[in-house]
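Read the structure below first, then the notes.
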Amino acid sequence: MIRLERINRSFVVGGETVHALRDIDLEMAAGDYLSIMGPSGSGKSTLLNILGLLDQPNSGRYFLQGTETTALNETEQAVARRDHIGFVFQSFHLIPRLTAAQNIELPLMLAGVEPTERTERVAAVLEQLGLGDRARHRPDQLSGGQRQRVAIARATIMQPALLLADEPTGNLDKHSGDEVVQTLEQLNSRGITLVVVTHDPEIGGRASRRIRMVDGAIDPGHPLTGSG
Amino acid sequence: MRLNDAFGFGLRALTGARSRTWLMLLAMAIGVASVVVLTALGEGARRFVANEFSSLGSHLVIVIPGKVETTGDTPPLVGGTPRDVTLEDALALERSSAIQRIAPLVLGAAPVSYRQLERDITVMGSTAELMPIRNLELARGKFLPETDPTRESAVTVIGDKLKKELFGNRRAIGEWVRIHDRRFRVIGILKPLGESLGMDIGDIAVIPVASAQSLFNTEGLFRILVQAEGREAVPRARQAVIDIIRQRHDDEEDITVITQDALLSTFDDIFRSLTYTVAGIASISLAVAGILIMNVMLVAVSQRTAEIGLLKALGGRRGEILSLFLIEAGLLSVAGSTIGLMVAYGGVWLMGRIYPDFPLLIPLWSLGAALGISLATGLLFGILPARHAARLDPVVALAGR
């Protein structure tokens, strides 16, 4: 489903070139559960951004569901993000003036889905994530765990094939964090491909496949578990 | 994305940041209101002057003794002493088929007294024709009799203000007043017309032209008012006046002929350009409002960087993000101009109440122009921030940098 071939990404910072990713090869099947760990600056977020089509590699090829995304233009990539990829961020990124339901509705709105269908789908996903009574609350009226679950609802409302989570529990206490991880894993068990970037070895260890990044490369000393 | 969703999103963004939105609405409203009110004032001034002219009478050609050249070489410092235009000259004009009626005019100041009361007023010598030509109306009594204009007659028609000052509430018709050293019998009282080109109709006494000539000891007329047969006949009447007077004055054109239309259109032009000028000045405030909108939108874009990054991550295309911000700017313009128009109509209504004589009117073109300019500035100055937003790198934007 996903295949990265010799992906390189470098930034120029203060006149110096920093190699964030070096010759990354990675293959994932549909329904995989992958965690990416590693110290700060090891390139794990850059890898996630490239997987999410938010960033483009300087060289290498990225196939998503058989399509070579590196050949797509900006608009086509935006549409691919909309239809195939969901994001969950550490800081939730909910729009503060919108209610939970309106936040979840955003991807459907961008995709031009009929308002009546949107309402139905939003209600269904809210119910599914146990947020049925929070639909009309704004983010500042929700707890951290609830906010992250609203964000997950938003990430999955388009029924994407790939769900990318960047430190999804980083801003949460232990209890809410566990709830969020369970929610993500439930989604994975229904077939969605899940990629989690995390510092937390406990959370990273739950994944069926784990990779460790060091200095922009996948650490070969680290045992890969599960299929791949 | 659906258009009504985009509008809903913009609306929620605007209502989500109240103080910012009110600030921009205020700027836009002031701009639009000032354009509309100022053009209404200019247009009102134009109509005021036009009304003044039409109260002078219609299809008028005014004959003034002496030639005033406004073109050609430097005119002599002192115009050549003009030959008087006499009553006979005036009566000769009646021969022309283009001319419906004429009223010779002799003007002078003289004391008018009744018993112990005396007032200095303007005495106007003319004929019965003055009434239809100047659209005069009588409050009481009769106007000058239609007799031979060359004959003197000791009758007078007085303005209503003069009547009040001399007679109070007593009956004036039939009473004798003294003008200078002669006695005249009051036969009529004019209805008040208000100011007419600076001459107060209420404060005059009208006497037969021959009586005025002997009262002021003059042969010459101050003016001849000529009424043409119709609007189309005005140029012919004008030519006829020039021809007839020249013939009578030994082939010398020593009169000035003004047509009312020419005067009116000159004033019309002046006031119209004045209105445009004022509107132009006022639209500067609209441009200022546009720049304010641009500034505040730029601040909004930088405040909402993370939101823009999110929209991009959710699959918002560049064009969609551009149109979201443009719609926001457009909504601001439309709402601001609506408020501005309400303020303008309120202001004009209020001024109409305070100065009922001044014919204030908001011209349609100024409505269109104000709305158009405000929408254009809103969008124009909205483009820069919107493009800025649309071009943000999603990774950088999401990091809120």
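Going residue by residue through the stretch B:248-260, is there one that turns out to be in a helix (DSSP H, G or I) and either surrounded by fewer than 16 Cβ atoms within 10 Å (Cβ to Cβ) or more than 29 Å from the chain's Cα centre (by Cα) (or both)?
Going through the stretch B:248-260, the residues in a helix (DSSP H, G or I) turn out to be B:248, B:260.
Narrowing further to those that are either surrounded by fewer than 16 Cβ atoms within 10 Å (Cβ to Cβ) or more than 29 Å from the chain's Cα centre (by Cα) (or both): B:248.
Among the residues of the stretch B:248-260, at least one is in a helix (DSSP H, G or I) and either surrounded by fewer than 16 Cβ atoms within 10 Å (Cβ to Cβ) or more than 29 Å from the chain's Cα centre (by Cα) (or both), which makes the answer yes.
Considering the stretch A:97-107 alone, what residues qualify as being more than 9 Å from every other protein chain (Cβ to nearest Cβ) and of a type in the set (A, V, I, L, M, F, W, C)?
Selection gives A:ALA100, A:ALA101, A:ILE104.
Here is a list: B:GLY290, B:GLY382, B:GLY340. Which entry is of a type outside the set (A, V, I, L, M) and under 29 Å from the mean Cα position of the chain (by Cα)? Full working, then the answer.
Details: B:GLY290 fails: under 29 Å from the mean Cα position of the chain (by Cα); B:GLY382 fails: under 29 Å from the mean Cα position of the chain (by Cα).
Answer to the check: B:GLY340.
For the stretch B:140-227, list the strands (runs of 3 or more DSSP E) that sit wholly inside it and hold at least 1 residues that are among the small types (Gly, Ala, Ser); which are they? Outline the logic, then answer.
Numbers: elements: B:155-158, B:176-179, B:182-190, B:204-208.
It comes to B:182-190, B:204-208.
Considering only the stretch A:59-73, state which residues are within 14 Å of chain B (Cβ to nearest Cβ) and surrounded by 13 or more Cβ atoms within 10 Å (Cβ to Cβ). It would help to see each step written out before you state the result.
Of the stretch A:59-73, the ones within 14 Å of chain B (Cβ to nearest Cβ) are A:64, A:69, A:72-73.
A:LEU64, A:THR69, A:LEU72, listed by residue number.
State which residue is nearest to B:ARG12 (Cα to Cα) when the search covers only the stretch B:268-298 and only residues that are of a type in the set (A, V, I, L, M, F, W, C) and without any contact (Cβ under 8 Å) to a residue 24 or more places away in the chain.
Here is the first cut: in the stretch B:268-298, the ones of a type in the set (A, V, I, L, M, F, W, C) are B:270-271, B:274, B:278-279, B:281-282, B:284, B:286-289, B:291-294, B:296-298.
Within this subset, residues satisfying the condition of being without any contact (Cβ under 8 Å) to a residue 24 or more places away in the chain are B:270, B:284.
Values: B:ILE270: 48, B:ILE284: 30 Å.
Ranking the candidates gives B:ILE284 first.
Kindly indicate which of B:ALA370, B:ALA344, B:ALA386, B:ALA390 is among the hydrophobic types (A, V, I, L, M, F, W, C), surrounded by 14 or more Cβ atoms within 10 Å (Cβ to Cβ), in contact with a helix residue (DSSP H, G or I) (Cβ under 8 Å, 6 or more places away or on another chain) and closer than 12 Å to B:ALA329 by Cβ.
Being among the hydrophobic types (A, V, I, L, M, F, W, C), surrounded by 14 or more Cβ atoms within 10 Å (Cβ to Cβ), in contact with a helix residue (DSSP H, G or I) (Cβ under 8 Å, 6 or more places away or on another chain) and closer than 12 Å to B:ALA329 by Cβ holds for just one of B:ALA370, B:ALA344, B:ALA386, B:ALA390, which is B:ALA386.
State whether the residues of the stretch B:325-335 include one that is within 20 Å of B:LEU23 (Cβ to Cβ), within 14 Å of chain A (Cβ to nearest Cβ) and among the aliphatic types (A, V, I, L, M). Lay out the reasoning, then the answer.
At the first step, the residues of the stretch B:325-335 found to be within 20 Å of B:LEU23 (Cβ to Cβ) are B:325-335.
Filter once more, so that each one left must be within 14 Å of chain A (Cβ to nearest Cβ): B:327-328.
Within this subset, residues satisfying the condition of being among the aliphatic types (A, V, I, L, M) are B:327.
Yes, there is a match, as at least one residue in the stretch B:325-335 is within 20 Å of B:LEU23 (Cβ to Cβ), within 14 Å of chain A (Cβ to nearest Cβ) and among the aliphatic types (A, V, I, L, M).
Within the stretch B:112-138, track down each residue that is in contact (Cβ under 8 Å) with a residue 24 or more places away in the chain, open to solvent by less than 40 Å² (accessible area, probe 1.4 Å) and not basic (Lys, Arg).
We begin by selecting, within the stretch B:112-138, every residue in contact (Cβ under 8 Å) with a residue 24 or more places away in the chain; these are B:112-114, B:117, B:119, B:121-127, B:129-130, B:132-138.
With the extra rule that they be open to solvent by less than 40 Å² (accessible area, probe 1.4 Å), the set shrinks to B:112-114, B:121, B:123-127, B:130, B:133-134, B:136.
Result: B:VAL112, B:SER113, B:TYR114, B:ILE121, B:VAL123, B:MET124, B:GLY125, B:SER126, B:THR127, B:LEU130, B:ILE133, B:LEU136.
Go through the stretch A:76-96 and give me each residue that's within 9 Å of chain B (Cβ to nearest Cβ) and of a type in the set (Val, Ile, Thr).
Those that are within 9 Å of chain B (Cβ to nearest Cβ) and of a type in the set (Val, Ile, Thr): A:VAL79, A:ILE85, A:ILE95.
With the structure loaded, tell me whether B:ILE244 is outside any loop (DSSP other than H, G, I, E, B), open to solvent by 10 Å² or more (accessible area, probe 1.4 Å) and among the β-branched types (Val, Ile, Thr) or whether it fails that test.
Details: outside any loop (DSSP other than H, G, I, E, B): yes; open to solvent by 10 Å² or more (accessible area, probe 1.4 Å): yes; among the β-branched types (Val, Ile, Thr): yes.
It is true that B:ILE244 is outside any loop (DSSP other than H, G, I, E, B), open to solvent by 10 Å² or more (accessible area, probe 1.4 Å) and among the β-branched types (Val, Ile, Thr).
The values are calculated or read from the model by the stated rules, or taken from the named source; none is laboratory data. Bear in mind that the values here come from a model prediction, so they are computed numbers and not experimental data. Cβ sites come from the backbone with ideal geometry, for glycine too, and all protein chains shown count toward neighbours. For the accessible areas, the whole protein counts, side chains as well, though only heavy atoms, and no ligand, DNA or RNA atoms are used. Shrake-Rupley method; radii C 1.70, N 1.55, O 1.52, S 1.80 Å.
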